[in-house]
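Trainee: This is the structure I want to talk about, given as C-alpha coordinates.
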Amino acid sequence: MKKILAAAHGLRGAIEVPGDKSISHRSIILSSLGDTPVEVTNFLAGADCLSTVECMRALGVAIERAGDKVLITGNGLRGLRESENILDAGNSGTTLRLLMGLLAPQKFLTTFTGDDSLRRRPMARVIKPLAQMGASIVGRNANRNLPITILPAANLRGITYAMPVASAQVKSAILLAGLYAEGKTTVLEPAPSRDHTEKMLAAFGARLERSGNAITIYPADKLTAPAQIEVPGDISSAAYWLVLATILGGSDVTIKNVGVNETRTGILDVLKLMGAKIELLNVRTSGGELAADLRVVSSNLRGVEFGGAIIPRLIDEIPALAVAAAFAEGTTVIRDVGELRVKETDRLAAIVDEFNKISPATFEATDDSLIIRGGREKIFAECNTRADHRMAMSLAIFGAAAEGVALDDADCVKISYPNFFAQFTE
Ligand code: S3P
(Lines give C-alpha, C1' and ligand atoms only; values in the text may rest on other atoms or scores of the structure.)
Protein backbone atom coordinates (compact mmCIF):
# COMPACT_ATOMS: atom_id res chain seq x y z
CA MET A 1 0.00 0.00 0.00
CA LYS A 2 1.30 3.42 -1.02
CA LYS A 3 1.08 6.21 1.55
CA ILE A 4 1.40 9.98 1.16
CA LEU A 5 1.94 12.05 4.29
CA ALA A 6 1.74 15.82 4.51
CA ALA A 7 3.89 18.00 6.71
CA ALA A 8 2.59 18.04 10.28
CA HIS A 9 2.35 20.63 13.06
CA GLY A 10 2.94 20.32 16.81
CA LEU A 11 1.68 17.17 18.57
CA ARG A 12 -0.33 17.51 21.77
CA GLY A 13 -2.07 15.15 24.18
CA ALA A 14 -1.53 11.55 25.26
CA ILE A 15 -0.72 8.53 23.16
CA GLU A 16 -0.34 4.83 23.92
CA VAL A 17 2.05 2.63 21.96
CA PRO A 18 1.49 -1.11 21.48
CA GLY A 19 3.09 -3.78 23.66
CA ASP A 20 6.82 -4.43 23.57
CA LYS A 21 7.82 -6.72 20.72
CA SER A 22 10.75 -8.40 22.49
CA ILE A 23 8.74 -9.07 25.66
CA SER A 24 5.69 -10.27 23.69
CA HIS A 25 7.80 -12.93 21.90
CA ARG A 26 9.31 -14.10 25.17
CA SER A 27 5.94 -14.21 26.94
CA ILE A 28 4.67 -16.70 24.35
CA ILE A 29 7.82 -18.81 24.25
CA LEU A 30 8.32 -19.14 28.01
CA SER A 31 4.62 -19.57 28.80
CA SER A 32 4.67 -22.48 26.33
CA LEU A 33 7.20 -24.21 28.58
CA GLY A 34 5.08 -24.12 31.73
CA ASP A 35 2.21 -26.47 32.47
CA THR A 36 -0.37 -24.00 33.77
CA PRO A 37 -2.34 -21.36 31.82
CA VAL A 38 -0.80 -17.91 31.44
CA GLU A 39 -2.75 -14.81 30.45
CA VAL A 40 -0.62 -12.29 28.58
CA THR A 41 -2.07 -8.77 28.45
CA ASN A 42 -1.09 -5.84 26.19
CA PHE A 43 0.46 -8.43 23.86
CA LEU A 44 1.74 -6.94 20.59
CA ALA A 45 -0.43 -8.48 17.88
CA GLY A 46 2.15 -7.50 15.24
CA ALA A 47 3.12 -9.89 12.47
CA ASP A 48 6.44 -10.83 14.10
CA CYS A 49 4.89 -11.93 17.40
CA LEU A 50 2.12 -13.74 15.51
CA SER A 51 4.87 -15.73 13.76
CA THR A 52 5.99 -16.86 17.21
CA VAL A 53 2.40 -17.78 18.14
CA GLU A 54 2.00 -19.90 14.99
CA CYS A 55 5.33 -21.68 15.52
CA MET A 56 4.47 -22.54 19.14
CA ARG A 57 1.03 -23.82 18.08
CA ALA A 58 2.71 -26.04 15.50
CA LEU A 59 4.84 -27.44 18.34
CA GLY A 60 1.71 -28.52 20.20
CA VAL A 61 1.04 -25.56 22.51
CA ALA A 62 -2.55 -24.38 23.06
CA ILE A 63 -2.73 -20.64 22.37
CA GLU A 64 -5.95 -18.62 22.23
CA ARG A 65 -5.90 -15.00 21.23
CA ALA A 66 -8.44 -12.20 21.59
CA GLY A 67 -7.07 -8.78 20.60
CA ASP A 68 -4.17 -7.92 22.87
CA LYS A 69 -4.92 -10.78 25.30
CA VAL A 70 -3.42 -14.22 24.81
CA LEU A 71 -4.01 -17.37 26.82
CA ILE A 72 -1.21 -19.93 26.60
CA THR A 73 -1.28 -23.41 28.10
CA GLY A 74 2.00 -25.27 27.75
CA ASN A 75 2.68 -28.97 28.11
CA GLY A 76 5.70 -28.50 30.36
CA LEU A 77 9.40 -27.98 29.68
CA ARG A 78 9.67 -31.34 27.90
CA GLY A 79 6.21 -31.30 26.33
CA LEU A 80 6.90 -29.78 22.90
CA ARG A 81 6.18 -32.11 19.99
CA GLU A 82 7.53 -32.33 16.46
CA SER A 83 5.87 -29.96 14.00
CA GLU A 84 4.15 -31.62 11.06
CA ASN A 85 5.33 -28.89 8.77
CA ILE A 86 8.15 -26.43 8.19
CA LEU A 87 8.08 -23.58 10.73
CA ASP A 88 7.80 -20.15 9.11
CA ALA A 89 9.39 -17.32 11.10
CA GLY A 90 8.21 -14.75 8.52
CA ASN A 91 10.18 -11.51 8.91
CA SER A 92 11.08 -12.22 12.53
CA GLY A 93 14.71 -12.71 13.56
CA THR A 94 13.62 -12.98 17.20
CA THR A 95 11.20 -15.84 16.47
CA LEU A 96 13.80 -17.72 14.49
CA ARG A 97 16.85 -17.25 16.66
CA LEU A 98 15.13 -17.84 20.01
CA LEU A 99 13.32 -20.91 18.71
CA MET A 100 16.55 -22.30 17.25
CA GLY A 101 17.93 -22.24 20.79
CA LEU A 102 14.79 -23.80 22.24
CA LEU A 103 14.53 -26.52 19.60
CA ALA A 104 18.22 -27.44 19.27
CA PRO A 105 18.02 -29.68 22.40
CA GLN A 106 14.73 -31.42 21.46
CA LYS A 107 14.50 -35.06 20.49
CA PHE A 108 12.69 -34.26 17.24
CA LEU A 109 13.38 -32.64 13.88
CA THR A 110 12.58 -29.03 13.01
CA THR A 111 12.93 -27.17 9.73
CA PHE A 112 12.64 -23.37 9.56
CA THR A 113 12.16 -20.91 6.77
CA GLY A 114 11.27 -17.21 6.59
CA ASP A 115 10.57 -14.34 4.20
CA ASP A 116 12.99 -12.83 1.64
CA SER A 117 14.57 -10.58 4.26
CA LEU A 118 15.04 -13.25 6.94
CA ARG A 119 16.47 -15.72 4.41
CA ARG A 120 19.28 -13.23 3.74
CA ARG A 121 20.14 -12.62 7.43
CA PRO A 122 23.11 -14.28 9.17
CA MET A 123 22.36 -17.38 11.21
CA ALA A 124 25.87 -18.81 11.72
CA ARG A 125 26.05 -16.66 14.87
CA VAL A 126 23.41 -18.93 16.44
CA ILE A 127 24.32 -22.21 14.77
CA LYS A 128 27.94 -21.98 15.90
CA PRO A 129 27.41 -21.91 19.70
CA LEU A 130 24.52 -24.41 19.50
CA ALA A 131 26.75 -26.80 17.53
CA GLN A 132 29.40 -26.40 20.24
CA MET A 133 26.79 -27.56 22.72
CA GLY A 134 26.34 -30.68 20.60
CA ALA A 135 23.36 -29.72 18.42
CA SER A 136 23.16 -30.89 14.80
CA ILE A 137 22.01 -28.02 12.62
CA VAL A 138 22.34 -27.62 8.87
CA GLY A 139 21.46 -24.65 6.75
CA ARG A 140 21.77 -23.26 3.24
CA ASN A 141 24.93 -21.47 2.17
CA ALA A 142 27.30 -23.53 4.35
CA ASN A 143 25.13 -23.24 7.48
CA ARG A 144 24.73 -19.50 7.24
CA ASN A 145 21.17 -18.96 6.01
CA LEU A 146 17.60 -20.25 6.03
CA PRO A 147 16.20 -22.77 5.33
CA ILE A 148 17.66 -24.47 8.38
CA THR A 149 17.06 -27.96 9.78
CA ILE A 150 17.72 -29.01 13.37
CA LEU A 151 18.17 -32.78 13.68
CA PRO A 152 16.87 -34.67 16.73
CA ALA A 153 19.43 -34.04 19.46
CA ALA A 154 21.47 -36.19 21.78
CA ASN A 155 21.92 -34.50 25.17
CA LEU A 156 23.50 -31.07 24.79
CA ARG A 157 26.33 -30.02 27.08
CA GLY A 158 26.75 -26.67 28.75
CA ILE A 159 29.46 -24.39 27.35
CA THR A 160 31.08 -21.05 28.06
CA TYR A 161 30.67 -18.88 25.00
CA ALA A 162 32.08 -15.40 24.37
CA MET A 163 29.74 -13.74 21.87
CA PRO A 164 31.56 -11.78 19.15
CA VAL A 165 28.56 -9.41 18.79
CA ALA A 166 26.27 -8.03 21.49
CA SER A 167 23.07 -9.75 20.40
CA ALA A 168 20.12 -10.45 22.68
CA GLN A 169 18.80 -12.95 20.17
CA VAL A 170 21.99 -15.02 20.20
CA LYS A 171 22.29 -14.73 23.99
CA SER A 172 18.68 -15.84 24.42
CA ALA A 173 19.11 -18.81 22.07
CA ILE A 174 22.08 -20.08 24.09
CA LEU A 175 20.29 -19.57 27.42
CA LEU A 176 17.19 -21.43 26.21
CA ALA A 177 19.34 -24.33 24.99
CA GLY A 178 21.15 -24.21 28.35
CA LEU A 179 17.89 -25.05 30.15
CA TYR A 180 18.16 -28.56 28.65
CA ALA A 181 21.96 -29.02 28.70
CA GLU A 182 24.14 -31.08 30.99
CA GLY A 183 25.93 -28.73 33.36
CA LYS A 184 25.84 -24.96 33.41
CA THR A 185 26.00 -22.69 30.37
CA THR A 186 27.69 -19.28 30.47
CA VAL A 187 27.37 -16.50 27.88
CA LEU A 188 29.79 -13.57 27.86
CA GLU A 189 28.46 -10.38 26.28
CA PRO A 190 30.81 -7.76 24.77
CA ALA A 191 28.28 -5.11 25.95
CA PRO A 192 24.95 -5.47 27.74
CA SER A 193 22.09 -6.24 25.36
CA ARG A 194 18.40 -6.35 26.28
CA ASP A 195 17.89 -8.70 29.23
CA HIS A 196 14.18 -9.56 28.92
CA THR A 197 14.93 -13.28 28.50
CA GLU A 198 16.98 -13.40 31.71
CA LYS A 199 14.33 -11.45 33.65
CA MET A 200 11.47 -13.61 32.44
CA LEU A 201 13.35 -16.90 32.86
CA ALA A 202 14.04 -15.90 36.48
CA ALA A 203 10.33 -15.09 36.95
CA PHE A 204 9.58 -18.63 35.71
CA GLY A 205 11.89 -20.06 38.38
CA ALA A 206 14.94 -20.85 36.24
CA ARG A 207 18.30 -20.56 38.02
CA LEU A 208 20.39 -17.78 36.46
CA GLU A 209 23.36 -15.80 37.72
CA ARG A 210 24.80 -12.57 36.39
CA SER A 211 28.36 -11.54 37.17
CA GLY A 212 29.81 -8.63 35.20
CA ASN A 213 29.37 -9.45 31.54
CA ALA A 214 28.71 -13.18 32.19
CA ILE A 215 25.28 -14.77 32.44
CA THR A 216 25.08 -18.37 33.65
CA ILE A 217 22.05 -20.62 33.37
CA TYR A 218 21.62 -24.02 35.04
CA PRO A 219 19.59 -26.87 33.56
CA ALA A 220 15.98 -27.09 34.78
CA ASP A 221 13.51 -29.94 35.35
CA LYS A 222 10.53 -27.65 35.15
CA LEU A 223 9.49 -24.01 34.77
CA THR A 224 6.75 -22.51 36.91
CA ALA A 225 4.65 -20.09 34.90
CA PRO A 226 3.07 -17.03 36.50
CA ALA A 227 -0.72 -16.71 36.01
CA GLN A 228 -0.34 -13.37 34.22
CA ILE A 229 2.23 -11.40 32.28
CA GLU A 230 1.56 -7.74 31.55
CA VAL A 231 3.61 -6.46 28.62
CA PRO A 232 4.65 -2.78 28.87
CA GLY A 233 4.52 -0.50 25.81
CA ASP A 234 7.43 -0.71 23.36
CA ILE A 235 10.07 2.03 23.72
CA SER A 236 11.15 1.23 20.13
CA SER A 237 7.65 2.27 19.00
CA ALA A 238 7.60 5.25 21.38
CA ALA A 239 10.84 6.37 19.69
CA TYR A 240 8.96 7.77 16.66
CA TRP A 241 6.79 10.03 18.84
CA LEU A 242 9.71 11.02 21.06
CA VAL A 243 11.61 12.25 18.01
CA LEU A 244 8.64 13.79 16.18
CA ALA A 245 7.39 15.69 19.23
CA THR A 246 10.91 16.95 19.93
CA ILE A 247 11.49 18.34 16.43
CA LEU A 248 7.97 19.66 15.72
CA GLY A 249 7.64 23.07 17.40
CA GLY A 250 4.71 23.47 19.81
CA SER A 251 4.52 19.80 20.85
CA ASP A 252 3.73 18.51 24.33
CA VAL A 253 2.96 14.78 24.33
CA THR A 254 2.75 12.12 27.02
CA ILE A 255 3.42 8.58 25.84
CA LYS A 256 1.72 6.31 28.37
CA ASN A 257 3.04 3.04 29.81
CA VAL A 258 6.39 2.65 28.05
CA GLY A 259 8.89 -0.04 29.08
CA VAL A 260 12.04 1.65 30.40
CA ASN A 261 14.24 -1.36 31.18
CA GLU A 262 17.71 0.21 31.27
CA THR A 263 19.03 -2.12 28.53
CA ARG A 264 16.55 -0.34 26.21
CA THR A 265 16.74 3.34 27.18
CA GLY A 266 19.78 4.45 25.16
CA ILE A 267 17.46 6.59 23.03
CA LEU A 268 16.42 8.64 26.07
CA ASP A 269 20.08 9.18 27.03
CA VAL A 270 21.05 10.32 23.52
CA LEU A 271 18.01 12.52 22.92
CA LYS A 272 18.58 14.22 26.29
CA LEU A 273 22.26 14.73 25.41
CA MET A 274 21.10 16.37 22.17
CA GLY A 275 18.94 18.76 24.20
CA ALA A 276 15.55 17.02 24.18
CA LYS A 277 13.12 17.64 27.02
CA ILE A 278 11.88 14.25 28.19
CA GLU A 279 10.49 13.52 31.63
CA LEU A 280 9.81 10.07 33.12
CA LEU A 281 6.56 10.15 35.10
CA ASN A 282 4.87 7.54 37.24
CA VAL A 283 7.81 5.08 37.11
CA ARG A 284 6.62 1.63 38.23
CA THR A 285 7.20 -2.10 37.81
CA SER A 286 4.89 -3.92 35.43
CA GLY A 287 5.27 -7.66 34.82
CA GLY A 288 8.81 -7.63 36.27
CA GLU A 289 9.88 -4.78 33.96
CA LEU A 290 10.17 -1.04 34.65
CA ALA A 291 7.57 1.14 32.94
CA ALA A 292 6.87 4.88 32.91
CA ASP A 293 4.92 7.60 31.13
CA LEU A 294 7.21 9.72 28.97
CA ARG A 295 6.41 13.41 28.60
CA VAL A 296 8.16 15.12 25.71
CA VAL A 297 8.09 18.80 24.86
CA SER A 298 9.61 20.22 21.66
CA SER A 299 13.10 21.64 21.84
CA ASN A 300 16.14 22.60 19.78
CA LEU A 301 18.71 19.86 19.30
CA ARG A 302 22.48 19.85 18.85
CA GLY A 303 24.63 17.21 17.13
CA VAL A 304 26.40 14.63 19.33
CA GLU A 305 28.89 11.77 18.98
CA PHE A 306 28.34 8.34 20.46
CA GLY A 307 29.21 4.67 20.03
CA GLY A 308 30.44 1.63 21.97
CA ALA A 309 28.45 0.12 24.83
CA ILE A 310 25.40 2.35 24.36
CA ILE A 311 24.71 0.96 20.86
CA PRO A 312 22.93 -2.29 21.87
CA ARG A 313 20.72 -0.13 24.14
CA LEU A 314 19.35 1.78 21.13
CA ILE A 315 20.13 -0.37 18.10
CA ASP A 316 16.56 -0.39 16.75
CA GLU A 317 16.16 3.36 17.33
CA ILE A 318 19.05 4.54 15.12
CA PRO A 319 16.86 5.34 12.10
CA ALA A 320 14.63 7.51 14.35
CA LEU A 321 17.69 9.11 15.97
CA ALA A 322 19.11 9.83 12.52
CA VAL A 323 15.93 11.82 11.79
CA ALA A 324 16.43 13.80 15.02
CA ALA A 325 20.05 14.46 14.03
CA ALA A 326 18.95 15.89 10.66
CA PHE A 327 17.09 18.61 12.58
CA ALA A 328 19.93 19.26 15.03
CA GLU A 329 22.47 22.04 14.82
CA GLY A 330 25.86 20.61 13.89
CA THR A 331 27.05 17.14 13.00
CA THR A 332 26.12 13.86 14.67
CA VAL A 333 28.48 10.88 14.49
CA ILE A 334 27.18 7.42 15.43
CA ARG A 335 29.97 4.83 15.69
CA ASP A 336 29.94 1.00 15.97
CA VAL A 337 26.66 0.40 14.15
CA GLY A 338 27.82 -2.23 11.63
CA GLU A 339 25.04 -4.50 12.98
CA LEU A 340 22.55 -2.25 11.17
CA ARG A 341 23.76 -3.81 7.93
CA VAL A 342 22.21 -7.17 8.93
CA LYS A 343 18.83 -6.01 10.20
CA GLU A 344 15.53 -6.41 8.25
CA THR A 345 17.36 -4.54 5.49
CA ASP A 346 20.83 -2.95 5.38
CA ARG A 347 19.70 0.03 7.44
CA LEU A 348 22.91 2.04 6.96
CA ALA A 349 22.49 1.85 3.18
CA ALA A 350 18.74 2.50 3.48
CA ILE A 351 19.26 5.59 5.66
CA VAL A 352 21.83 7.04 3.27
CA ASP A 353 19.85 6.31 0.09
CA GLU A 354 16.34 7.14 1.30
CA PHE A 355 16.87 9.85 3.94
CA ASN A 356 19.09 11.86 1.59
CA LYS A 357 16.08 12.13 -0.76
CA ILE A 358 14.36 14.20 1.98
CA SER A 359 17.47 16.11 3.10
CA PRO A 360 20.11 15.98 0.35
CA ALA A 361 23.78 15.56 1.33
CA THR A 362 22.90 15.09 5.00
CA PHE A 363 23.58 11.37 5.63
CA GLU A 364 26.83 9.51 5.03
CA ALA A 365 27.87 6.02 6.14
CA THR A 366 31.14 4.13 6.49
CA ASP A 367 31.32 0.36 7.10
CA ASP A 368 30.11 0.77 10.65
CA SER A 369 29.30 4.41 11.34
CA LEU A 370 26.81 7.05 10.37
CA ILE A 371 27.48 10.77 9.96
CA ILE A 372 24.58 13.24 9.86
CA ARG A 373 25.06 16.90 9.00
CA GLY A 374 22.12 18.60 10.67
CA GLY A 375 20.15 21.66 9.62
CA ARG A 376 20.26 21.20 5.84
CA GLU A 377 17.39 21.84 3.41
CA LYS A 378 14.42 19.42 3.45
CA ILE A 379 12.22 18.70 0.43
CA PHE A 380 9.19 16.57 -0.43
CA ALA A 381 10.38 13.17 -1.69
CA GLU A 382 9.20 9.77 -2.83
CA CYS A 383 10.93 7.12 -0.73
CA ASN A 384 11.26 3.36 -0.67
CA THR A 385 10.64 1.66 2.69
CA ARG A 386 12.47 -1.52 1.55
CA ALA A 387 9.73 -3.48 3.33
CA ASP A 388 11.41 -2.59 6.62
CA HIS A 389 8.97 -1.48 9.34
CA ARG A 390 11.44 0.78 11.13
CA MET A 391 12.50 2.47 7.88
CA ALA A 392 8.81 3.09 7.01
CA MET A 393 8.04 4.71 10.37
CA SER A 394 11.25 6.74 10.42
CA LEU A 395 10.58 8.02 6.89
CA ALA A 396 7.03 8.89 7.95
CA ILE A 397 8.15 11.08 10.86
CA PHE A 398 10.96 12.55 8.76
CA GLY A 399 8.51 13.58 6.03
CA ALA A 400 6.00 14.87 8.56
CA ALA A 401 8.62 17.10 10.16
CA ALA A 402 9.90 18.22 6.73
CA GLU A 403 7.81 18.87 3.59
CA GLY A 404 5.89 15.59 3.46
CA VAL A 405 6.83 12.22 1.96
CA ALA A 406 5.38 9.53 -0.31
CA LEU A 407 6.12 5.95 0.78
CA ASP A 408 5.99 3.18 -1.81
CA ASP A 409 4.91 0.51 0.67
CA ALA A 410 3.75 1.24 4.18
CA ASP A 411 2.14 -2.14 5.03
CA CYS A 412 5.35 -3.35 6.65
CA VAL A 413 4.54 -1.35 9.80
CA LYS A 414 2.30 -4.31 10.71
CA ILE A 415 5.48 -6.11 11.86
CA SER A 416 5.78 -4.09 15.07
CA TYR A 417 3.15 -1.30 15.05
CA PRO A 418 -0.04 -2.19 13.15
CA ASN A 419 -1.93 1.01 14.10
CA PHE A 420 0.96 3.39 13.48
CA PHE A 421 -0.62 5.26 10.56
CA ALA A 422 -4.05 5.30 12.21
CA GLN A 423 -2.50 7.10 15.19
CA PHE A 424 -0.39 9.24 12.89
CA THR A 425 -3.39 10.83 11.23
CA GLU A 426 -5.45 11.21 14.45
C1 S3P B 1 15.88 -8.32 19.70
C2 S3P B 1 17.23 -8.14 19.67
C3 S3P B 1 17.91 -7.23 18.72
C4 S3P B 1 16.93 -6.26 18.09
C5 S3P B 1 15.68 -6.94 17.62
C6 S3P B 1 14.97 -7.60 18.80
C7 S3P B 1 15.31 -9.26 20.70
O8 S3P B 1 18.52 -7.99 17.70
O9 S3P B 1 17.54 -5.58 17.01
O10 S3P B 1 14.80 -6.02 17.02
O11 S3P B 1 14.08 -9.24 20.92
O12 S3P B 1 16.07 -10.04 21.27
P13 S3P B 1 19.99 -8.64 17.87
O14 S3P B 1 19.92 -9.70 18.90
O15 S3P B 1 20.31 -9.20 16.51
O16 S3P B 1 20.89 -7.50 18.24
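Trainee: State which entries of Lys69/Lys222; Lys222/Lys256; Lys171/Lys378 exceed 31 angstrom in Cα-Cα distance in the structure shown.
Mentor: Lys222/Lys256; Lys171/Lys378
Trainee: Along the Cα-to-Cβ line of Asn155, 7 Å from the Cα, sits a label point; which residues in segment 183-224 have backbone N less than 19 Å from it?
Mentor: Residues 183-186, 207, 217-223 fall inside that zone.
Trainee: Between Glu262 and Arg119, what is the FRET efficiency for a Förster distance of 45 Å, r being their Cβ-Cβ separation, to the nearest 0.05?
Mentor: After rounding to 0.05, the efficiency reads 0.85.
Trainee: Against the longest principal axis of the chain, how steep is helix 389-401, in degrees 0 to 90 to the nearest 10, with axes from Cα atoms?
Mentor: 20 degrees
Trainee: Within segment 372-416, what whole-number % of the accessible surface is contributed by carbon and sulfur, with the 1.4 Å probe and all protein chains included in the calculation?
Mentor: Ligands and nucleic acids excluded, carbon and sulfur reach 41 percent.
Trainee: Of all beta bridges DSSP finds with both residues in the chain, what is the antiparallel percent, to the nearest 5?
Mentor: 70 percent
Trainee: Moving on to the next point. What does the net charge come to around Ser237 if you take all other residues with beta carbon closer than 9 Å to its beta carbon, with K and R at +1 and D and E at -1?
Mentor: Charge balance near Ser237 sits at -1.
Trainee: Counting only heavy atoms of protein chains, what accessible area per residue, in Å², does the chain have with a probe of 1.4 Å?
Mentor: Value returned for the chain: 36 Å² of accessible area per residue.
Trainee: Give me the percent of the accessible area of segment 269-357 that comes from carbon and sulfur atoms, probe 1.4 Å, all protein chains in place.
Mentor: 49 percent
Trainee: Near Lys414, which aspartates and glutamates are there with a Cα under 15 Å away, not counting those fewer than 8 places off in the same chain?
Mentor: Of all the aspartates and glutamates, those that pass the test against Lys414 - Cα under 15 Å, at least 8 places apart if same chain - are Asp20, Asp48, Asp68, Asp115, Asp234, Glu344, Asp388.
Trainee: Over the chain, what is the mean sequence separation of C-alpha contacts under 8 Å (at least six apart), divided by residue count, expressed as relative contact order in percent?
Mentor: Once normalised by length, the contact order is 17 percent.
Trainee: Mind grabbing the accessible area of Arg121 for me, 1.4 Å probe, Å², rounded to tens?
Mentor: Per-residue accessible area (Arg121): approximately 20 Å².
Trainee: Further question on the same structure: Mind grabbing the accessible area of Asp35 for me, 1.4 Å probe, Å², rounded to tens?
Mentor: It works out to around 80 Å².
Trainee: What does the charge count near Thr263 come to, summing +1 for each Lys or Arg and -1 for each Asp or Glu among other residues with Cβ under 9 Å from its Cβ?
Mentor: Result for the local shell: +1.
Trainee: Please determine, in degrees from 0 to 90 and to the nearest 10, the orientation of helix 21-31 with respect to the longest principal axis defined by the Cα atoms of the chain, where the helix direction is its Cα long axis.
Mentor: It works out to around 20 degrees.
Trainee: With axes computed from alpha carbons, what is the tilt in degrees of helix 168-178 against the longest principal axis of the chain, rounded to the nearest 10 within 0 to 90?
Mentor: Between helix and principal axis, roughly 10 degrees.
Trainee: Please list 3J(HN,Hα) in residue order for segment 409-426, calculated via the Karplus relation 6.51 cos²θ - 1.76 cosθ + 1.60 where θ = phi - 60°; whole Hz, with x for glycine and proline.
Mentor: 8, 9, 4, 4, 5, 4, 4, 10, 8, x, 9, 4, 6, 4, 5, 4, 8, 5
Trainee: For Met1, Met274, give the ranking by accessible area with the largest first, probe 1.4 Å.
Mentor: Met1, Met274
Trainee: Compute the length gained on full extension between Arg81 and Arg140: take 0.36 nm times their separation in residues and subtract their Cα-Cα distance, giving the result in nm to one decimal.
Mentor: Answer, rounded to one decimal: 18.8 nm.
The values are calculated or read from the model by the stated rules, or taken from the named source; none is laboratory data. Since we're looking at a predicted model, the values are computed, not measured. Positions of Cβ are backbone-derived with ideal geometry, glycine not excepted, and every protein chain shown enters the neighbour counts. These area figures cover heavy atoms from the full protein model, side chains too; ligands, DNA and RNA do not enter into them. Shrake-Rupley method; radii C 1.70, N 1.55, O 1.52, S 1.80 Å.
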